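Written below as structure tokens is the structure these notes are about.
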């Protein structure tokens, strides 16, 4: 076999797709290699570049460990290079064999050893205990997200500012679009790369993805991975507005686009799928959406978290491919009903944004943004931040990233600390039938009462009679925790500061 058709094994690590080992293989000869659990194993093959290799060349591989076999599609990366990427999720010996309609790409086989994951590598996030989230290695995950739709479509200087700003927060999930976005005066810039061959003037060839665009996109996901941030990737959105006409894609073209994207990035452990932002504004039927969800089900071997985001309509979240609810609403009183109806985690991914723009969805006070995070969490859900402050160059965090100007991120980080100090198992929201207030409880062990924007001077707590508790007064806005002297049980009354955004935490005395 000529050097042209050699096979190279690459091991992908957090800093990027960096080769830590390289072996040229011919036929069935191979060497054993070691790769970390939940990292990326890549097969690179040299193949045909003539015609349309994106659609005319079929390439996949089967990866086997003990009695399990996982199927992965490969993809064309330009200049005659084909790749197959795989994320091993179990330690031990793995083997693989490629399948292709081209002889030079077919029946390439080899093996590697999957070693234990490192301290910072917890694997992909999954649903945990029905309503919550956790990493694959069992570590709990408490999402505190932000929204930065088109940050990857900005100049490099602005992208670096965005990453630096994220590094200074506790945000661990970000909502972001694959396609560029056009909305009002706030976002309409030309991206540095376009996702398909062609132009907005002459039209796009949706059968020919632009590898440079997708390389840039996946590099940004890896940059987020280094920061411990999950990439909640929005696959479709309605805000093209005739600027590029990238939304003028047929059903078959949309399915091809999804398969190509899955082949490229599903092996990255910090990927979530969000089928669409405000899905009901797009000209697709529920049947269309179901077909696209089945594409993800079929071709994502890792079953990444998967959701869809609403405008005014409401998708049927009971369908099996929906792992969690991604909801747009400023009204949080229905969270517990949604939990009970769907038995899935709930994330309020859009509750209106902190800012001061004239649009009615973009002028929350920072106090109210923090308040909604606390209410959502105490009702058994999670919340997502966004920021829309007027900027002389229209660089709003919500759309382009850059710098955070608001006062809520630091306080959301304080809430995240409170979250991580909550018992890992058995916590649930309890609703008082009389006043509809909701608190987090673990029977006889933990209570968290949040008083929202009231200014009460005292709190009455109905604690168990036969258990002693230590109490703390938490100021959600000023980010302070003050212990209350003594131990308490039964009906208890304590003094509060008489200001908004106060919580009381009760933890069983040891």
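The values are calculated or read from the model by the stated rules, or taken from the named source; none is laboratory data. Here the structure is a predicted model, which is why all the values come from computation and not from measurement. Glycine also receives a Cβ, built like all others from the backbone with ideal geometry; neighbour counts cover every protein chain displayed.
Just a few scattered comments:
Rundown of residues vs (1) under 22 Å from the mean Cα position of the chain (by Cα); (2) more than 30 Å from residue 426 (Cβ to Cβ), yes/no style:
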site: 111; (1), (2): no, yes
site: 115; (1), (2): no, yes
site: 144; (1), (2): yes, no
site: 162; (1), (2): yes, yes
site: 171; (1), (2): yes, no
site: 201; (1), (2): no, yes
site: 207; (1), (2): no, yes
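- One residue alone among 426, 406 is in contact with a strand residue (DSSP E or B) (Cβ under 9 Å, 6 or more places away or on another chain) and on the phi > 0 side of the Ramachandran plot, and that residue is 426.
- Taking the criterion of being part of a helix (DSSP H, G or I) and closer than 24 Å to residue 237 by Cα, the residues of segment 148-180 that qualify are 151, 152, 153, 156, 158, 159, 162, 163, 166.
- Residue list for segment 246-289, restricted to those being part of a loop (DSSP other than H, G, I, E, B), touching a strand residue (DSSP E or B) at 6+ places or on another chain (Cβ under 7 Å) and over 17 Å from residue 302 (Cβ atoms): 246, 249, 277, 278, 282
- Among the residues listed as 464, 392, the single one being outside the structural domain of residue 139 (by TED's automatic domain parsing), farther than 25 Å from residue 330 by Cβ and outside any strand (DSSP E or B): 464
Residues are listed down the side, and each one gets a yes or a no for (1) assigned by TED's automatic domain parsing to the domain that holds residue 296; (2) crowded, with 16+ Cβ neighbours inside 10 Å; (3) touching a strand residue (DSSP E or B) at 6+ places or on another chain (Cβ under 7 Å); (4) in a loop (DSSP other than H, G, I, E, B):
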site	(1), (2), (3), (4)
44	no, yes, yes, no
50	no, no, no, yes
55	no, no, yes, no
72	no, yes, yes, no
84	no, yes, yes, no
120	no, no, no, yes
134	yes, yes, yes, no
138	yes, no, no, yes
146	yes, yes, yes, no
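- Flag for residue 451 being closer than 29 Å to residue 130 by Cβ, more than 29 Å from the chain's Cα centre (by Cα) and buried (at least 18 other Cβ atoms within 10 Å of the Cβ): yes
- The set of residues from segment 496-508 being assigned to a loop (DSSP other than H, G, I, E, B) and either surrounded by 17 or more Cβ atoms within 10 Å (Cβ to Cβ) or outside the structural domain of residue 463 (by TED's automatic domain parsing) (or both) comprises 496, 501.
- Any hit, segment 213-233, residues being surrounded by fewer than 20 Cβ atoms within 10 Å (Cβ to Cβ), without any contact (Cβ under 8 Å) to a residue 40 or more places away in the chain and touching a strand residue (DSSP E or B) at 6+ places or on another chain (Cβ under 7 Å): no
- Pairs where the first residue, in segment 284-304, is surrounded by fewer than 14 Cβ atoms within 10 Å (Cβ to Cβ) and the second is at pLDDT below 95 and part of a loop (DSSP other than H, G, I, E, B), C-beta under 7 Å, 6+ apart: none
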